[in-house]
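Enquirer: Here it is: the structure, laid out below.
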Amino acid sequence: MNIAINRRKIIFVGLLTMSAPSVVLTPVLGQDAVPIEILRRTLFIKSGGEAGTAFKVDYKGKVYLVTARHVAAALPLEGGTIQLRQQQEWKDCRITKKILPLSDSVDIAVLQSEETVSKPYEITWSDIGGVTFGQQVWFLGYPYGLGTQFTDAEIPFIKRGTMSAIDVSNPDAIVLYIDGFNNPGFSGGPIIYWDFKEHVIKILGVVKGYKFENAKVIVNGAEQNTALLVNSGILIGYSFKHAIDAIEKANSVK
């Protein structure tokens, strides 16, 4: 099963706990944990010389991988192959089409595969209207290729951040700013949050990367800029709406 695009369904939420020799799910409050179904559908991928994160969604029986545009930059618009890491092994995944949002500045790519699904896992998604400034969000990914390893599966790192700012000056390229320390490898991962009104986890956006700033040093008592770029602690993402719009537009073309 995979993540389906559906605005009505409430999803099951569970917390992974270790109970030797097995892994069990412990029910918890939805706003305190990330659903295991989402974790299992968040994957570490390679495309060309780039590595990053992608996550599966379903649309009308078709399976798509959503990732960052720069992670899939080497992939052609028609055909091509990426690699998915599964159980510590890299496996080829045939991509039939790369679908891009309308604006070139949106760092999102949707990859259509040959995989189909008869009974999808359903999750809601959100534009920016349901999230509250200052509330907690999560972002998922594989920093430096790291993740939680089981004997038969792996799941991504989970990090928390604060919904800090949104730039909607260009409706075709809505930018999200999260106060959260991102690392290389999170690009393409989902940004999710708990909707307190509807009591459901929703996908808010896709991780682009982090905002750089110039490191400064003190020389003879004076502060000076350097050419060294460091992580500012501000994560940048784009609204998941752009992925949905791209999928719907691609499916409307006959």
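The values are calculated or read from the model by the stated rules, or taken from the named source; none is laboratory data. All figures in this text were calculated on a predicted structure; none of them were measured in a lab. When we count neighbours, we look across all protein chains shown, and the Cβ atoms used for this are built from the backbone with ideal geometry, even at glycine.
Enquirer: When the residues of the range 109-135 are filtered to those that are assigned to a loop (DSSP other than H, G, I, E, B) and closer than 17 Å to Val63 by Cβ, which remaining residue is modelled with the highest pLDDT?
Expert: Of all residues in the range 109-135, those assigned to a loop (DSSP other than H, G, I, E, B) come to 117-120, 126-135.
Next cut, closer than 17 Å to Val63 by Cβ only: 117-120.
Values: Val117: 63, Ser118: 55, Lys119: 58, Pro120: 55.
Here the answer is Val117.
Enquirer: Take the residues in the range 91-108 that are in contact (Cβ under 8 Å) with a residue 12 or more places away in the chain and not in a strand (DSSP E or B), then tell me which one is surrounded by the most Cβ atoms within 10 Å (Cβ to Cβ).
Expert: Just the residues of the range 91-108 that are in contact (Cβ under 8 Å) with a residue 12 or more places away in the chain, to begin with: 93-103, 105-108.
Of the ones still in play, those that are also not in a strand (DSSP E or B) are 100-103, 105-108.
Numbers: Leu100: 17, Pro101: 24, Leu102: 13, Ser103: 15, Ser105: 13, Val106: 25, Asp107: 24, Ile108: 29.
Restricting to residues being in contact (Cβ under 8 Å) with a residue 12 or more places away in the chain and not in a strand (DSSP E or B), the top hit is Ile108.
Enquirer: Looking at the range 224-244, is at least one residue free of Cβ contacts under 8 Å to residues at least 12 places away in the same chain and farther than 21 Å from Val71 by Cβ?
Expert: Keep residues of the range 224-244 that are free of Cβ contacts under 8 Å to residues at least 12 places away in the same chain, which gives 224-225.
Add one more test, that the residue is farther than 21 Å from Val71 by Cβ, and what stays is 224-225.
Yes, the range 224-244 has at least one match.
Enquirer: Please state which of the following conditions Val217 fails to meet, knowing it meets all the rest: (1) touching a Ser or Thr at 6+ places or on another chain (Cβ under 7 Å); (2) modelled with pLDDT of 95 or more.
Expert: Among (1) touching a Ser or Thr at 6+ places or on another chain (Cβ under 7 Å); (2) modelled with pLDDT of 95 or more, Val217 violates only (2).
Here's the yes/no breakdown for (1) touching a Leu at 6+ places or on another chain (Cβ under 6 Å); (2) farther than 17 Å from Phe240 by Cβ:
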{"position": "Tyr64", "(1), (2)": "no, no"}
{"position": "Val71", "(1), (2)": "no, no"}
{"position": "Leu75", "(1), (2)": "no, yes"}
{"position": "Thr81", "(1), (2)": "no, yes"}
{"position": "Leu84", "(1), (2)": "yes, yes"}
{"position": "Glu89", "(1), (2)": "no, yes"}
{"position": "Lys98", "(1), (2)": "yes, yes"}
{"position": "Leu111", "(1), (2)": "yes, no"}
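Enquirer: Of (1) surrounded by fewer than 17 Cβ atoms within 10 Å (Cβ to Cβ); (2) assigned to a loop (DSSP other than H, G, I, E, B); (3) touching a Gly at 6+ places or on another chain (Cβ under 7 Å), Asp152 satisfies all except one. Which?
Expert: If we test Asp152 against (1) surrounded by fewer than 17 Cβ atoms within 10 Å (Cβ to Cβ); (2) assigned to a loop (DSSP other than H, G, I, E, B); (3) touching a Gly at 6+ places or on another chain (Cβ under 7 Å), just (3) comes out false.
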